[in-house]
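The values are calculated or read from the model by the stated rules, or taken from the named source; none is laboratory data. Here the structure is a predicted model, which is why all the values come from computation and not from measurement. In this analysis, Cβ positions are derived from the backbone assuming ideal geometry, glycine residues included, and neighbour counts consider all displayed protein chains. Just the protein is used for accessible areas: all its heavy atoms, side chains included, with ligands, DNA and RNA removed. Shrake-Rupley method; radii C 1.70, N 1.55, O 1.52, S 1.80 Å.
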Amino acid sequence: ETLGQILYAELWETLLSTLTELGVQRGAELVIFPQAGCGILPLHVAWQMEAGEKRWLLDRHAIRYAPSLKVLVQAERRSLAAEAISVIANPTGDLASSALEAEWIRDACPTARILAPEQASKEKVLEEILSSESVHLATHADFNLDDAFASSLLVAKGERLTLQELAPS
């Protein structure tokens with residue numbers, strides 16, 4: 001909570017003002033290319049209070065992360081229709097817009113496999129990751145700054161899938 005408020009005040013407030021001045025419209029997708037240690041910051045969780053309500057950056061803009069412009073361009077050129085895509089959306093049951101997000105992916109790629117929230121157990125998510133060319137995760141994550149490999153994704157039934165489990169040594 002606190003980090004999201006700080007990120008908005010210290011980073012996004014000025015940046016969004018500048019983007020608006022440049023003609024970037026509300027709802028436009030913003031692509032973030034995190035460098036060095038910025039990759040661990042959840043820049044998309046920024047928020048501020050407006051008219052007594054919490055307003056998230058994600059209410060204003062779609063946010064996408066890419067490691068580099070080259071990778072982003074290569075990804076855009078690939079045909080989604082030929083890929084094996086898995087979508088794990090809302091396994092915790094508290095992300096209202098993730099069902100719509102999953103349907104947008106299905107529109108772009110009719111062959112996408114969409115797991116129902118209750119199906120997204122740790123075991124099934126790992127299976128999907130291993131058997132898919134692309135996996136879209138719409139869930140929560142916990143970041144552990146003391147031990148990055150203990151950072152985790154939240155999946156169904158309160159289970160956590162750690163980075164260590166995703167990338168064993």
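The table below lists the values:
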quantity	calculated
For region 38-53, 3J(HN,Hα) per residue [Karplus equation, 6.51 cos²θ - 1.76 cosθ + 1.60, θ = phi - 60°, Hz, x = Gly/Pro]	5, x, 8, 7, x, 4, 6, 8, 5, 8, 8, 8, 9, 6, x, 10
For region 26-37, Karplus couplings with θ = phi - 60° (6.51, -1.76, 1.60), whole Hz, Gly/Pro x	4, x, 5, 7, 10, 9, 9, 10, x, 10, 6, x
Heavy-atom accessible area per residue - the chain, 1.4 Å, Å²	64 Å²
Point-to-point label distance, Gln74-Leu58, nm (Cα→Cβ direction, 7 Å offset)	2.8 nm
Contour excess over end-to-end distance, with Cα ends at Lys157 and Glu29 and 0.36 nm allotted per residue	42.9 nm
Gain on full stretching of the segment that runs from Leu130 to Ser97 - 0.36 nm per residue minus C-alpha separation	9.3 nm
Derived scalar couplings ³J(HN,Hα) [region 133-147; Karplus, 6.51 cos²θ - 1.76 cosθ + 1.60; whole Hz; x for Gly, Pro]	7, 9, 10, 9, 10, 10, 8, 8, 9, 10, 9, 10, 6, 7, 9
Accessible-area composition of the chain, carbon plus sulfur, in percent [1.4 Å probe]	57 percent
Convex hull of Cα atoms in the chain, direction-averaged projection (nm²)	11.5 nm²
5 Å-binned pair-distance histogram of region 7-58 (Cα, whole percent)	4, 17, 25, 29, 16, 7, 1, 0
